[in-house]
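Below is one structure, written out as structure tokens; comments come after it.
The values are calculated or read from the model by the stated rules, or taken from the named source; none is laboratory data. The shown structure was predicted, so the numbers you read here are calculated from the model rather than taken from an experiment. Methodologically, a virtual Cβ is constructed for each residue, glycine included, from the backbone with ideal geometry; neighbour enumeration extends over all protein chains shown. Side chains included, ligands, DNA and RNA excluded: accessible areas come from the protein's heavy atoms. Shrake-Rupley method; radii C 1.70, N 1.55, O 1.52, S 1.80 Å.
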Amino acid sequence: MAAAESSPLTTHVLNTGDGVPASRMPVSLHRLDSQTMIWSMLSVGTTNKDGRCSALISREAFGPGMYKLRFETGSYWETLGQTCFYPYVEVVFSITDPQQRFHLPLLMSRFSYSTYRGS
């Protein structure tokens, strides 16, 4: 994984149903090969106690293209002894200017989720 302070991409997962950060959730970052239309996994991480995962990719490896963050929501809820409707959430996004910083939060409950580009 990339160094957190230099990573141009970060995420933050919040369990809005319980009003707490979603800690210890597995997260993976993928990039789409525009020729083959096949996703390649770039890195994996786990949210910390604050629900943050910040070291997903280095500035050098981050280029223009289509990416996705995959959040393993089902395993998170299982650790809490609960079930959920969405076993995972994939957020697909396009990067045209990799010199910017990107923050993609995930707000979720057992039966819903939303996301946005944060700052």
Completion exercise
Checking S119, S7 in turn, the sole residue that is in contact (Cβ under 8 Å) with a residue 40 or more places away in the chain and of a type in the set (G, A, S) turns out to be S7
Completion exercise
The residue that is most open to solvent (accessible area, probe 1.4 Å), considering only those in the stretch 105-119 that are touching a strand residue (DSSP E or B) at 6+ places or on another chain (Cβ under 8 Å) and part of a loop (DSSP other than H, G, I, E, B), is S119
Exercise for the section: Those residues that are within 13 Å of E72 (Cα to Cα) and touching a residue at least 40 places away in the same chain (Cβ under 8 Å), I need them from the stretch 88-106; list them, please. Expected result: L106
Problem - Elements of type strands (runs of 3 or more DSSP E) in the stretch 4-104, at least 2 residues being at pLDDT 95 or above and open to solvent by less than 10 Å² (accessible area, probe 1.4 Å) - result: 9-15, 26-33, 65-71, 89-95
Fill in the blank from the handout: For the stretch 25-45, pairs from a residue that is touching a residue at least 24 places away in the same chain (Cβ under 8 Å) and farther than 24 Å from P105 by Cα to a residue that is part of a strand (DSSP E or B) and of a type outside the set (D, E), with Cβ under 7 Å and 6 or more apart or across chains, are S34/G65
Completion exercise
Only unsatisfied item for W39, checking (1) closer than 17 Å to H103 by Cα; (2) in contact with a His (Cβ under 7 Å, 6 or more places away or on another chain), is (1)
